[in-house]
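The values are calculated or read from the model by the stated rules, or taken from the named source; none is laboratory data. Not measured: the values here are computed from a predicted model. Note that each Cβ is placed from the backbone with ideal geometry, even for glycine, and that neighbours are counted across all protein chains shown.
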Amino acid sequence: MFAFLSRLLHPPTDFRHLAESIVDNMQKGHTPSRSFWPKEFYLPTNVMDNVKKMRQWTKEDGFEYEISVIDAAGDIVSSPLFRGERTKVRATHSTRVQYNKIDSAKFQKVVEVDGVTVLKRPMKYEEYDKTRKIQTIASIHTHPSHEIEHEGGQKRTYGFFSVRDILTLLQSPNFLLGLVTDRLWFACKTSSTIRTIGQNGEQMLQRVSNASYSGVDDIRHIVNEEMKNWGLVFYTGTLNDYLKRIN
């Protein structure tokens, strides 16, 4: 009951509102502080639908898939799914926004990513904001599962963010990196985030992945302990719930 009332009084942040602040910081060249990141947020339905589709496809063929979350001049869209390899995925996307006149009062906004139309909606002329640009906000990718013997049966387990994943985030202008396993994870940069990963950092990440591979059901406390000095904010949640900040 308390949790229900707390959520009514302090609802999770809509990612579309968070994206406005993210884009503003990116365009100004500012990396946000830890306090910038909310306790909870949720992704738009169109993005979550592709997250679920990626997870299903990876489960079926064992390949990693990727999508990018893009602010297309004020609308949050997802790129089409990109298929990588069994151990890595790296993708670049091309986004185009067109405004086609409908009549004297409105036009149709069309967003294409990689040549695929991902958004088409009517807009009134007064809605048009020429200051809003196209900005990639986050990349989300999948990791395939591994099966282990567990308590007399088989259990699917997953690795955590790899060294390559975290280095990509640190070297990217983006503030967020998402990972889909049996749940959804986000690693988010702050103004105190480390700039690179040394040998100790690689070992820390490996310990987190080893714990996850071994069948530990909840690795949040391990992530907090191993990566408490990295200056990253982590979120996790199931694919049908809000993403909750864990540190």
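Looking only at residues that are surrounded by 16 or more Cβ atoms within 10 Å (Cβ to Cβ) and of a type in the set (Ser, Thr, Tyr) in the range 163-212, which one is farthest from His30 (Cα to Cα)?
The extreme case among them is Ser212.
Going by the structure shown, is Thr58 part of a helix (DSSP H, G or I) and out of contact with any His (no Cβ under 7 Å at 6 or more places or on another chain)? Lay out the reasoning, then the answer.
Working: part of a helix (DSSP H, G or I): yes; out of contact with any His (no Cβ under 7 Å at 6 or more places or on another chain): yes.
When the stated conditions are applied, Thr58 passes them.
Look through the range 213-247, keep the residues that are among the β-branched types (Val, Ile, Thr) and surrounded by 12 or more Cβ atoms within 10 Å (Cβ to Cβ), and return whichever of them is modelled with the lowest pLDDT. First the steps, then the outcome.
Start the filter on the range 213-247 by keeping residues that are among the β-branched types (Val, Ile, Thr), which leaves 216, 219, 222-223, 233, 236, 238, 246.
Narrowing the set further to residues that are surrounded by 12 or more Cβ atoms within 10 Å (Cβ to Cβ) leaves 216, 219, 222-223, 233, 236, 246.
Details: Val216: 87, Ile219: 94, Ile222: 95, Val223: 95, Val233: 98, Thr236: 98, Ile246: 96.
Once the filter is applied, the top-ranked residue is Val216.
Give me the residue from the range 92-105 that is surrounded by 15 or more Cβ atoms within 10 Å (Cβ to Cβ) and not aliphatic (A, V, I, L, M) and, out of that set, nearest to the chain's Cα centre (by Cα). Outline the logic, then answer.
Step one: filter the range 92-105 for residues surrounded by 15 or more Cβ atoms within 10 Å (Cβ to Cβ), giving 93, 95, 97.
Cutting the leftovers down to not aliphatic (A, V, I, L, M) gives us 93, 95.
Numbers: His93: 16, Thr95: 18 Å.
Here the residue is His93.
Looking at (1) among the charged types (D, E, K, R); (2) under 23 Å from Glu20 (Cα atoms); (3) more than 19 Å from the chain's Cα centre (by Cα), which is the only condition Arg245 fails?
Just one mismatch for Arg245, condition (3).
Are there any pairs with C-beta distances below 6 angstrom linking a residue in the range 23-45 that is under 13 Å from Asn247 (Cα atoms) to a residue that is among the hydroxyl-bearing types (Ser, Thr, Tyr), with the two at least 6 apart or on different chains, and if so which?
Here the result reads Arg34/Thr190; Pro38/Thr13; Glu40/Tyr242, each pair linking the range 23-45 to a residue that is among the hydroxyl-bearing types (Ser, Thr, Tyr).
What's the number of the only condition in (1) without any contact (Cβ under 8 Å) to a residue 24 or more places away in the chain; (2) surrounded by 14 or more Cβ atoms within 10 Å (Cβ to Cβ); (3) not charged (D, E, K, R) that Thr87 fails to meet?
It is condition (2) that Thr87 fails.
Which one of Ser68, Ser79 is within 23 Å of Val233 (Cβ to Cβ) and of a type in the set (Gly, Ala, Ser)? Let's see the steps before the verdict.
On the way: Ser79 fails: within 23 Å of Val233 (Cβ to Cβ).
Being within 23 Å of Val233 (Cβ to Cβ) and of a type in the set (Gly, Ala, Ser) holds for just one of Ser68, Ser79, which is Ser68.
Among strands (runs of 3 or more DSSP E) lying entirely in the range 162-247, which contain 2 or more residues that are under 15 Å from His143 (Cβ atoms) and out of contact with any Gly (no Cβ under 6 Å at 6 or more places or on another chain)? I'd like the intermediate steps shown before the answer.
Values: elements: 176-180, 184-188, 233-237, 243-245.
In the range 162-247, 176-180, 184-188 are the strands (runs of 3 or more DSSP E) which contain 2 or more residues that are under 15 Å from His143 (Cβ atoms) and out of contact with any Gly (no Cβ under 6 Å at 6 or more places or on another chain).
Collect the residues in the range 117-135 that are within 15 Å of Ile76 (Cα to Cα) and of a type in the set (Val, Ile, Thr), keeping them in residue-number order.
Hits for the range 117-135 are Thr117, Val118, Ile134.
Please work out if Thr136 is of a type in the set (Val, Ile, Thr), closer than 23 Å to Lys244 by Cα, modelled with pLDDT of 95 or more and in contact with a Lys or Arg (Cβ under 9 Å, 6 or more places away or on another chain). So that I can check it myself, show each step before the final result.
Details: of a type in the set (Val, Ile, Thr): yes; closer than 23 Å to Lys244 by Cα: yes; modelled with pLDDT of 95 or more: yes; in contact with a Lys or Arg (Cβ under 9 Å, 6 or more places away or on another chain): no.
Spelling it out, it is not the case that Thr136 is of a type in the set (Val, Ile, Thr), closer than 23 Å to Lys244 by Cα, modelled with pLDDT of 95 or more and in contact with a Lys or Arg (Cβ under 9 Å, 6 or more places away or on another chain).
Can you tell me which residues in the range 129-150 are in a strand (DSSP E or B) and surrounded by 15 or more Cβ atoms within 10 Å (Cβ to Cβ)?
In the first step, residues of the range 129-150 are kept if they are in a strand (DSSP E or B); the result is 134-142, 146-150.
Of everything in the range 129-150, those that are in a strand (DSSP E or B) and surrounded by 15 or more Cβ atoms within 10 Å (Cβ to Cβ) turn out to be Ile134, Gln135, Thr136, Ile137, Ala138, Ser139, Ile140, His141, Thr142.
Consider the range 18-74. How many of its residues are farther than 28 Å from Met123 by Cβ, under 14 Å from the mean Cα position of the chain (by Cα) and either among the basic types (Lys, Arg) or crowded, with 20+ Cβ neighbours inside 10 Å (or both)?
6
Could you look through the range 106-128, keep only residues that are assigned to a loop (DSSP other than H, G, I, E, B) and surrounded by 10 or more Cβ atoms within 10 Å (Cβ to Cβ), and pick out the one that is farthest from the chain's Cα centre (by Cα)? Full working, then the answer.
From the range 106-128, those assigned to a loop (DSSP other than H, G, I, E, B) are 114-115, 128; that's our starting set.
Subset that is surrounded by 10 or more Cβ atoms within 10 Å (Cβ to Cβ): 114, 128.
Values: Asp114: 19, Tyr128: 27 Å.
Applying the filter and picking the extreme gives Tyr128.
Consider Pro80 against the criteria (1) more than 22 Å from Leu167 (Cα to Cα); (2) part of a strand (DSSP E or B): it satisfies all of them except one. Which criterion is unmet?
Every listed condition holds for Pro80 apart from (2).
Would you mention how many residues in the range 209-221 are without any contact (Cβ under 8 Å) to a residue 60 or more places away in the chain and under 18 Å from Val180 (Cα atoms)? Don't jump to the end; show me each part of the working.
Taking the range 209-221 as the starting set, the residues that turn out to be without any contact (Cβ under 8 Å) to a residue 60 or more places away in the chain are 209-212, 216-221.
Remaining after also requiring under 18 Å from Val180 (Cα atoms): 209-212, 216-220.
Matching residues across the range 209-221 total 9.
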